[in-house]
Every structure is written in C-alpha cells, then in structure tokens.
1. Which pairs in the list A:Lys89/A:Lys790; A:Lys162/A:Lys386; A:Lys718/A:Lys790 are over 23 Å apart, alpha-carbon to alpha-carbon?
2. Taking the Cα centre of the stretch A:196-315 as the origin and placing charges on Cβ (Lys, Arg +1; Asp, Glu -1), which of A:Asn197, A:Gln268, A:Val279 is farthest toward the positive end of the dipole?
3. Return the loop-located trypsin sites (Lys or Arg not before Pro) in the stretch A:819-914 (DSSP other than H, G, I, E, B) with at most 16 other Cβ atoms within 10 Å of their own Cβ; answer none if there are none.
4. Can you list which of the DSSP-assigned H helices in chain A have a Cα extent of 18 Å or more along the long axis and an average Kyte-Doolittle score of at least 0.5?
5. Any chance you could run the full-extension gain for A:Leu893 through A:Arg241? It's 0.36 nm times the residue separation minus the Cα-Cα distance, nm to one decimal.
6. Is it possible to state the helix-based mean residue ellipticity at 222 nm for chain B, with each DSSP H run of 4+ residues giving -39500 (n - 2.57), the sum divided by total residues, to the nearest 500 deg cm²/dmol? What is it?
7. Report the charge-dipole magnitude of the stretch A:311-409 in Debye, nearest 20, computed about the Cα centre from +1 at each Lys and Arg Cβ and -1 at each Asp and Glu Cβ.
8. Run lengths n ≥ 4 of DSSP H only: what is the helix-derived mean residue ellipticity at 222 nm for chain A, with -39500 (n - 2.57) per run over all residues, to the nearest 500?
Amino acid sequence: MLMRRLRYWTESARRSESLREEMELHLAERAAELEANGMTAENAQAEARRRFGNVELKREDSREIWMTRFLSELGQDVRYGLRAMAGNKAFSALAVLLLALGIGANTAIYSFMESILLRSLPVGDPESLVVLNWHSRPPQEGNKEWVHVMHGIQGHFWPGDKGALVSGIFPYPALETLRPFTQEENPVFSTLFGYFNGLHRTLAVRGQATSASAEYVTGDYFRGLEVSAAAGRLISAEDDRPGATAVAVISFATSRNRFGGPSNAIGQPILVDNIPFTVIGVTPPEFFGVDPAAAPDLYLPLRANLLTDGPEAARMYSDGNFYWIEMMGRLRPGVSMAQAQAALAPRFHQWVAATAKTDGERAKLPALILNPGAEGLGSLRRQYSKPLYVLLAMVGLILALACANIANLLLARAAARRREMAVRLSLGAGRFRLVRQLLTESVMLASLGGALGVLFAMWGMRTLTLLLSNGQENFTLHAELNWKVLGVTAALSVICGLLFGLAPAIQSTRPDVMPTLKDGRGGGPRRRAQHVLVVAQIAISFVIMVAAGLFVRTLNRLHSVQLGYARENILLFTLNARQAGHRDPEMTTFYANLRKRLESIPGVNSATLSQSSIISAGSAGGAYRGTMKIGAVTIAGAGVMAAGPRFLTTMRIPILAGREINERDQASSPPVAVISERLARTYFGNENPMGRRITFVDDKRDLEIVGVSANVRYGGLKGEGSLMTVFTAASQFPPDQVTYALLVAGDPLNYVRSVQEIVREADSRIPVTKVATQAAEIDRTISREITFSKLCTGFAVLALLIACVGLYGTMSYNVARQIGEIGTRMALGAQRGAVVWMVLRRVLLLAAAGLAISVPVALSASRLVKSFLFETQPDDPRTLAIAGAVLLSAAILAGYAPARRASRIDPLAALRHE
Amino acid sequence: MGRKAKKNDSLPGSLDMLILRTLSLRDLHGYGIVQFIQQSSDNELLVEEGSLYPALQRLDLNGWINGAWGVTSNNRRARIYRITAAGRKQLADETRKYAKLTLAIARVMGTE
C-alpha cells in the first residue's frame, strides 16, 4: 500500500505520459481491426475515435482519479493539522515563534549576501564585462623602502594571495597601450573604458552647495556599459577632450533632489568645486556606476579633472609611474576571459617593463589579470563577504537549534498522541499515511514560522543596515526581499518542517502497537532521542556563546585602547574651502578666522582645526608623507599631523614640555613642530629635544621642535596606529580640507546648528560635511566589531534561551513520566534533596556531554574568525570558561523547576496514580 | 471515488466488475479487455471504450489490479494488467452482490 501511494503522487507526470501511450495504442489497434474488416483507413480512424469517446476528457478523468485522491488527503491533513495546532496553542505558538526567529534571521542575512555577492550590475549584458587588475610582489618587501614601478598612487590596492599586492589602478599610458585591443586587428574587446573615483566634490545648484560624490569617466564609459540616458544624453568621446565644453551627467536621485526631476535638469548650469559645468544628461534610476560600494551623484568626463583639479593634473596623463585610472572592458562575442588575458598580458608586460627604472623595480613588475566584471568591482565583496559568511553560519546554527528544539517538543508531544496513533494503526491506517499527516502538520508549523519570519527579517534588515552603515554618509548596501530571497525562505521553511518533523513522525508511528495500547506510556528510544537533541542544543549554543564572547572581548579590547586624547564632548566637522574657490594664502586666513568665530560660540570651550580627525589620520593622507630625519637619522613609523592653534588643549592632550602650536605660528614665521613623548624618547633618549630640528627631506624644510606632547594614538585603533607623532602648524603646511574640532559643554550635536550658521555666514558655497561627535567618529572605524558583538550577543542570548527551553521541556516530561518511580523512592524514605539531586544530576550530565562535544568544535571553529579578533586569542581560556559557566548555570536554572516539582510529589498520590 | 457518473453503463459500477472478471481469466492490455467484453457478450455490451482507462486507474489505485509494461500477442508494447489477490476478493464480493441484485430485480419483474 505504502509504495503504491508513493508512486501515485511522485510519478504523476510519468503516469500521464504512459496513459497517453496506452490510449494511442488502443485507437491504433481498433482502427487496424476496422480496416481489416474492409473500412478505408480514414473511416477506420474516425470510427475508432467515435467509439473511444472524447480522448482528452478520458485523460482528464483518469488524472482526476489520482489527483483528487492526493488533494483530498492533503485537505484532510491540513484540516487535521489546524485542529491539532489549535488544540495545543502554547506549543504551536512557541514553535512558530522559534521558527520565525530562526528563519527571519537567516532571511535577513541571506538578503544581504544576495545583494552583495550575487547581484549583477544593472547594465546591458553584464556577463561580458571584465575588470582589469594587476598583481605584483609587495613594494615594501624585506626592507622598509618602497621599491616599485608605482611611484605615486591615487586609489586603492589590497592584499592578494601569498602576500601579493593587487590593484585595479593603472597609469594613463597603460590605457592607451591596451586600447588597440578594441580595434579590428586585435579584436578581444568591443570597448575598453576607464574611470576613477573623484571622491567628494562640492556641487552647487542655484547657490545651494552640498557635498557630492563624483566619478570621472572616459568617453567610452556609458557606451561600454550599454547604459542609456533617462533624460538628455550621456558623456561621449567628444566630451572627453582637453578644451571640450565642460559638461556633466548627474544621477537620477540627484536630478530629483536638486532639480525636481530628470527633464528639468537638462541644460542647467551647475558648479563643481566652483567650476561651471552644464548638465547634459541623467543616468537611469537603477544605475550606480561600476562599484556597488559607491553611488556617484555626478559623472564628469575624465579630462574635466584638468578643470577641477587644476592644470597640474595634466601630468597624470603622461606619467607612466603614477597609478590612478581603473579599467573595464567588454569582451567581443565568442572571446573568453582567458583568451583576452592571454592577448593583453604580454602587451602590458612589455609596456610596464619599460617604465621600470631600477633592477629592484624590474624584479617585481605588475602582471595583468582579468576578473569577471558582471558584479562590478569587488570592494564590497572583499569587505563584507567573510563577515556575512560568519553571520550566516551563526544564524544557520540558531535555526538548527530551533529545529532541534521543536523536534524535541514534538517527541514529547508524540507521547501524548501515541495512543491515538496506536489506535489508528490498529484500525488499519497506513503508516505512510500517518507519517504524511504528521509531516503536513510540521510543514504547516514551519510555513507559519516562515511567514512570520519574513516580517522579522524586514525588521532585521533595517536594523542590520543601520548597524553596518553606522554613520557612513552614503551607505550603498541595500538588501531587499526579492523573489530570490523569498524563494529561499520558503524552501528553508519546508526543509525545516521536514527536518524537525520526520524523526518524531517515524518514532510515533512505530508499529509496536500492542505495548502502547496496553499501558499508554512511551518507551526508551524516544527518551534517548530527546537526550541526544538536548545535548546537541547545548553543544550548539556553547559554540555561539564562545563566538559572542570572543567578539565582545575584542570590542572591549578596542574600547580600552589608550587614545591619549578626549573621546567625549567633542564635535567634528569638515570643510573644503578649496572646492569653493579659495586659494592659499587667503584660504589659510579664512580657516583661521573661522576657527576664532567658532570658538566664540557660547558653550564652546575651545576650537581647533587639523588636516583630519586623529582616528582617520592614517588613511586620510597626511600633511607630509616623505622621509623625515633628525640630523642624519631617518625617523621610521611616525605620523605627521597638520594642526591649528589650541589643538592639544581642545583634544586634552597633555603638554609635557614647551608649548603647543599657537596663533603666532604663521606661514611667514620659522616652521615649528611638536613631537610626542614616544618620538622624543626614541630619537633623543634623555636629551632635551627642545630647540632641536626635524628635517622634511622631500620639502627641504627644517622644523624647530617647540614642544613635547603626551603620546597619542595616531590613526586607527588596531595595529595600524602609531604613538610617534609630529604635529606641524596648519598655517605652515596648509591642507586643502580641514576638520574642525570643538570642545563643548553638554551634547556636541546641540551645536551643529550654530556651526552651520557661522559657516554659511562665512561662505555659503562651502557645505559642512562629516558632522559627528568624536566618539561616533572613533566607533565608525570599528563598526564591524561593534556590529558583530551586538549581533552575536543577541544570538547568544537567543541560543541560550532556546537551549534552556529545550532542557526544561525535556526534564519536565521526564519527571512527569517518572512520577511513579519518584513516588516509590520517596515512600521508601528518599529525602527531597536526594530527589532534586537525582533530576539535577541528569541535567548536569546532559550539559557536560554537550560541553564535551562542543569544546573541541568551538576551538577549531573560532580559528576561522581569528581575523576578526583584536588582541584576543581564538582559544581565549577566559571566554571559554565564562561561556561554560553561564551555560551550566542556565542549565541548572532550567532544570531546577522540574527538579523542585519532582521533590514535591506526594508519594501517596503518585502510587495511587500508578 | 469516481465522482462523475459513468455514461454508458447500464448498471452503475458494473464496468469495474466486468474488468475484474475479464482479468481473472487472463492478463490483458486495455484494448484486449474491451475486445473480450464485447465478444463474450455477443456485442450486446458496447462500452464507451475511453471509459475503460479511468476505470483501470481507479482499480489500480485500489490495489485490485496491477499494470506493467509488456508485449501484446501481436508484439506491440502495451501496458498489461493483472488481477491481484485483493482484486479477486473484490470480484467475489461484487459477483455475490450482483447475483443478489439481479435475482431481486428478476423477482420484481416476475421473470424468475
């Protein structure tokens, strides 16, 4: 019976086909016989059909017979399932809630993975796009000196395999060298186009200035990407010539925010860094350039940088050792990426070899490699793919935990229904039919959980976006619930339902009917299964707790890093006067005057300015990056910070000797420097550094040391920071862009309004950007660690809760089952304490078994997250001990209630019950 | 089970019985069953031939007959049906009921 039914609904398609064949044979045989009796072939076929009746209808009838059976049974199961769920509301609600949390968390994380790792660029035929990269041995191999054909850069590089250096930026002549590969004699590309990230520019529309991200693109860019304009036209080859009319393309969002719609923007004048441009077109709404990590507001022709960055930018086009432009190509039909690489690599090698000036440079020439470009540049993938895999593993474990828990609850519930099942089996119900009915119930639970989980996921995605973006100005990572994600969620729900439903279903329909009918109690195997599930839950939650512990400890370590400067009560914001048309020396005066006005705001104790915030000093590009010497000794590993008056006072950095930089340090006065204590100790020992000199070799300037400050963590919190700092005067090393810092009373964000007013009064063309408190600015650099520790703490609490519910349920059930035994023991004189211990001993045994399994698992799994940890070993014994202690106490707490109940059993009642 | 009335049957449900009876004598494919019923009734019982197939599905689902691909007497690939033990039991049941029913009708009609 069982196999027959199974065949009926799993092979319905094959059945339908075989039915068709049978019917055709029938018609053919009838026609053949009629023909043999003297009919014409044509008449015979018609007569055969007439006698047969409506072929399609008969097929429908046949199909209906096996389908209605299946559907009516399914209907029965669903109705029965609903009744069963309604009959045990507490259980159903708990199960649905657990699943909703598990499935929701998985959906949320998966939607992020989908958006980062799996989505293609919204351009024509993304599959034929390739990104040009190169890799070489690192420039600072062996010694500290930079030896590489790449003498100057504007852009990024990142570590590749085996310590290699990988990058996507090239000198402009390289683009010229490779361009012939789009022509007829070398046809591997249909187009080859270049672009570079122009970072933040000041965009003024009708006198309103804001900060906008710009992308500079070659004339083939839009044609190569096969993108067409939402309005107007896009940049073409004619626009990308020296001396061409200054034109700009804006993004759809910018057109809406700044012009009220794409069509209104066309032909409008705008100012980019105070240079007039005309808007000629608007990109389509879904287009975000080639890097999912950025969404440019503004696209300018490549050579427009001669206007915005000044004529000195011209050298970028001829310098073979200055790396800045990124490239993408579109493969011609039929050309594979490997073929294209084989064609391009030798040509690039030949070119790049000619740019090497020394043997050292020749020893580590960059080698060209092509990468798939369908998903755009990989910066987001590099940044987020590993964290997301870790998170996905954690939520996967949570879901497994939820499934184990529900399976456990179902097993306990199966005991209650065992009599029912036994009765149905003995009345002749098929076992498969019963299993199917039970599975329908669990899949229904899971589907409800999945539906609720989607709601939970929507909330989770918002929270996660908030956590991950953590104050980033234009965070472009937008996860969404599309059909692909929802499909995965639906599949996950069904799989969960089958997973947690199958074992209990098979268990409870075991055909050993008679003993059950007789005494109505469950036997040994189920208890064993329950114990296995409890141990598994404890093991899983321990792994999650260890992970959470490691991340929390990492965050603590980061927060306890000695900054050496004030974290609280400081407001930071950034201005770029150069982009509004200011030039030195007027610009320095402008910045200095503004500082004085800011200092006069009531509640502001002191105001200062510097090239950047201290925390981002390492990556923001210093005032000076060349070689520094004290006498003949080269200073290694010191950071330079151009700072205005009262910098040390505002940042509350103690002055150990001499003075800080003040208003008397002018461009015309002798250059001065303040050095940190560590620097003084390292290079002057016990000598007095005051009055000694530091030489900035590349600038050919000598700075007199006028003060010594306490040590400051220059740059990021993690290893990249340095305690050796040289403070120079911002007036003597003027930066284009400055970050102001105000030391205030009360909440720094209360002063934002006054700041904006003062800046507008000073020059309305300058937008106030990167407004943040010092604390937020610091936390921004460790947003991943903060996200991880918050999320994982949440996961760990959830896991612990689920495991405890499981433990509590199992122990309660066991106590209920053992009422008779416990009653007998107590009647024979067992003390209450002994009974409590009897139950708790089992709890501890289960917990110990779980721990024994998971400690080695946690130890090996934590090694995978080593790169996420800071000053914390993956096998940190304290974390392991705390996680173990928390888990054991929680287990005892969960086991105590049933144990107490067991000890309160009235022996007389229990024996009577038996 | 079958919700639609069988159109050409003079007695409801009789087609199932006729098929079981036929298959109790020998294993046959669909066309063979129709042929057998028509010939052995001297062409009195003209089944709408297509109705045979839903009936075969129904009997198969109930486990009374088994179908398997085989070869007919004139060497064509066909699905050959075979009655099962449960089918023989069912046939015996139906034969008994049928005998009772026809006897009762005959009594009423006064033809006994």
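1. From the list (A:Lys89/A:Lys790; A:Lys162/A:Lys386; A:Lys718/A:Lys790), the Cα-Cα distance tops 23 Å for A:Lys89/A:Lys790.
2. Farthest towards the positive pole: A:Gln268.
3. Those that pass, being in a loop and sparsely packed, are A:Arg904.
4. Details: long enough: A:12-36 (36 Å, -0.88); A:55-87 (47 Å, -0.55); A:89-113 (35 Å, 1.55); A:337-355 (26 Å, 0.21); A:379-426 (64 Å, 0.65); A:431-469 (53 Å, 1.00); A:483-508 (37 Å, 1.53); A:524-559 (52 Å, 0.75); A:586-599 (20 Å, -0.86); A:783-817 (51 Å, 0.92); A:832-862 (42 Å, 1.54); A:877-903 (37 Å, 0.87).
Within chain A the helices that satisfy the rule are A:89-113, A:379-426, A:431-469, A:483-508, A:524-559, A:783-817, A:832-862, A:877-903.
5. That pair, A:Leu893 and A:Arg241, stretches by 227.2 nm at full extension.
6. Numbers: 4 runs with 58 residues, N = 112.
Using -39500 (n - 2.57) per qualifying helix, the result is -17000 deg cm²/dmol.
7. 180 debye
8. The helix-only estimate for chain A comes to -17000 deg cm²/dmol at 222 nm.
Coordinate-derived values only; no laboratory data. All figures in this text were calculated on a predicted structure; none of them were measured in a lab. Note that we place each Cβ from the backbone using ideal geometry, even for glycine, and neighbour counts take in every protein chain shown.
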